[in-house]
Amino acid sequence: MGAVRRNVSLWEEMRAGRYLLTAEPHTYLNPEALPMDFSWADVNGTNYMTTIRNQHIPVYCGSCWAMGSTSALADRLNILMGPSKMPQAMLSVQAVLSCGNDATDCGTCDGGDDGPVYKWAKISGIPHESCSNYMAVDTTCNAKKVTKTNKPECYTCSPSGKPACKPIKKYAKLRVSEFGDCSGYAKMKAEIFARGPISCGIDATDKMEAYTGGIYSEKGARSIDHIISVVGWGKASTGDEYWLVRNSWGEPWGEGGLMRIVTSKNKGPAGTANNAIEQECGFGVVSGFHE
């Protein structure tokens, strides 16, 4: 888990559409006209989802806000590239923790906010995981040196190098052209269907942490303290409509790292208590991966 500390002013600007360039999908897509089941894990036989991650190794780190947003953005890069060219790339959460936080105060291992991650992807871009592998610790971001407590956006090490580790000057980054808020059932469905997975806040309770499978619902869980990504939705044999959620607690958790949690419009027996998952959601529109 990881505490969520919202940048309230940024989210107000996102909700007002300050960072948008194009029409939002909910303005031209009716959720009732969308498929009953849809997931970016299987679109005409292609899985556009990037790998399940674990924010808690090699040590505990409350970086859920960075995991949820970068996973959604990496998925969207796959969607943009298409089945024949998609890179199945992970983005560097460590670079977000180090350099993104220096630039936009997005967060640390003590918690953060997915909104400023999208802002950093807009103003600077996010490098590939291999530029700065996840260490689950907070570091500074001096672009001219590499130490135990300072990691630039992209660097490499050599057994014969002097110094042993040094920054890389030229490297590609994922960039977004716009970003915004997509909270609420209708906006979430339209945004996911039209452009790809999104990140959302959720109340991660002890009960949710113990989830092993099935359609999830928990009454009284309304305090957002965790960020996940939502990659689709569906309808179970029980008649329950659910969101398909990817968490950052590793593949052994839940259903292979995923969870099915009821929507606010569910008419099935599991009800509509969904841990506030529809209250605070964000997205970024990926424009490419380049220098």
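FYI, it's all coordinate maths here, none of it is from the lab. None of these values were measured; they are calculated from a predicted model. In this analysis, Cβ positions are derived from the backbone assuming ideal geometry, glycine residues included, and neighbour counts consider all displayed protein chains.
Placing dummy labels 7 Å off each Cα toward the beta-carbon, the span from residue 165 to residue 279 is 3.9 nm.
For the chain, set up a GNM with springs between Cα atoms under 10 Å and report which of 149, 104, 70 has the largest fluctuation. Looking only at 149, 104, 70, the largest GNM fluctuation is found for 149. Each Lys and Arg contributes +1 and each Asp and Glu -1, all at the Cβ; summed about the Cα centre of the range 138-291, the dipole is approximately 860 debye.
Relative contact order for the range 8-290: what is it in percent, counting Cα pairs under 8 Å that are at least 6 residues apart? Taking the mean separation of contacting Cα pairs over the length of the range 8-290, I get 23 percent.
A Förster radius of 35 Å combined with the Cβ-Cβ distance from residue 212 to residue 130 puts the calculated FRET efficiency at roughly 0.60. Taking the fewest neighbouring Cβ atoms within 10 Å as the starting point, the ordered list for 188, 36, 86 is 36, 86, 188.
A cut-off under 12 angstrom between Cβ atoms defines the neighbours of residue 262, and their net charge, with Lys, Arg +1 and Asp, Glu -1, is +1. Need one word for the range 202-291: rounded, prolate or oblate. Basis is the Cα gyration tensor (sqrt eigenvalues a ≥ b ≥ c); a/c below 1.5 gives rounded, then a/b vs b/c decides. Prolate, because a/c is 1.5 or more and a/b exceeds b/c. Sorting 142-148, 229-235, 250-256 by average packing, meaning the other beta carbons within 10 Å per residue, from highest down gives 229-235, 250-256, 142-148.
Work from the charge dipole of the chain (Cβ charges, +1 for Lys and Arg, -1 for Asp and Glu, about the Cα centre) and give the residue of 216, 41, 164 farthest towards its positive end. Checking the options against the dipole of the chain, the answer is 164.
If you place +1 on the Cβ of every Lys and Arg and -1 on the Cβ of every Asp and Glu, how big does the dipole about the Cα centre of the chain come out, in debye to the nearest 20?
980 debye
Separation of the range 161-185 from the range 215-291 is 26 Å, based on Cα centroids.
Pick out which of 187, 162, 219 has the largest mean-square fluctuation in a Gaussian network model of the chain, springs linking Cα atoms closer than 10 Å. Looking only at 187, 162, 219, the largest GNM fluctuation is found for 162. Close amide-amide hydrogen proximity is noted between residue 176 and 122, 287, each under 5 Å apart and 5 or more residues distant or on a separate chain (H modeled in the peptide plane; Pro and chain starts excluded). Estimated purely from DSSP H runs of n ≥ 4, each contributing -39500 (n - 2.57), the mean residue ellipticity at 222 nm for the chain is -5500 deg cm²/dmol once divided by its residues.
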